[in-house]
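Report on the structure given below.
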Amino acid sequence: MSQTLNASEMLNVNAFRGRPAQITLKDVTKSFGKSVVALKDLNVEIRQGEFVAFLGASGCGKSTALRTIA
């Protein structure tokens with residue numbers, strides 16, 4: 001069961017106590033201006049305890065994806 005947190009809950013560490021850590025991105029697209037698409041339909045699910053690395057060529061969107069998560 002998924003639960004959505006509002007902005008104030010996201011900033012409150014106590015709101016996450018007792019919940020499994022998880023990051024989910026669904027159909028994320030990020031553009032810079034009208035001509036540069038950095039991410040298109042990105043889907044990632046990272047569950048508690050998983051170790052994940054983003055690998056790829058220069059300019060492929062690794063840093064943009066990580067900034068989206070942060």
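The values are calculated or read from the model by the stated rules, or taken from the named source; none is laboratory data. What you see is a predicted model; the values in this text were computed from it and never measured. Every residue, glycine as well, gets a Cβ built from its backbone with ideal geometry; the counts of neighbours run over all protein chains shown. Accessible surface is based on the protein model in full, side chains and every heavy atom, while ligands, DNA and RNA are left aside. Shrake-Rupley method; radii C 1.70, N 1.55, O 1.52, S 1.80 Å.
At-a-glance table
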{"quantity": "Cut-off 15 Å between beta-carbons: net charge of the residues surrounding K62, Lys and Arg +1, Asp and Glu -1", "calculated": "+3"}
{"quantity": "Cut-off 15 Å between beta-carbons: net charge of the residues surrounding R47, Lys and Arg +1, Asp and Glu -1", "calculated": "0"}
{"quantity": "Relative contact order for segment 25-68, counting Cα pairs under 8 Å that sit 6 or more residues apart, in percent", "calculated": "31"}
{"quantity": "Ranked order, T64, T29 - accessible area, probe 1.4 Å, largest first", "calculated": "T29, T64"}
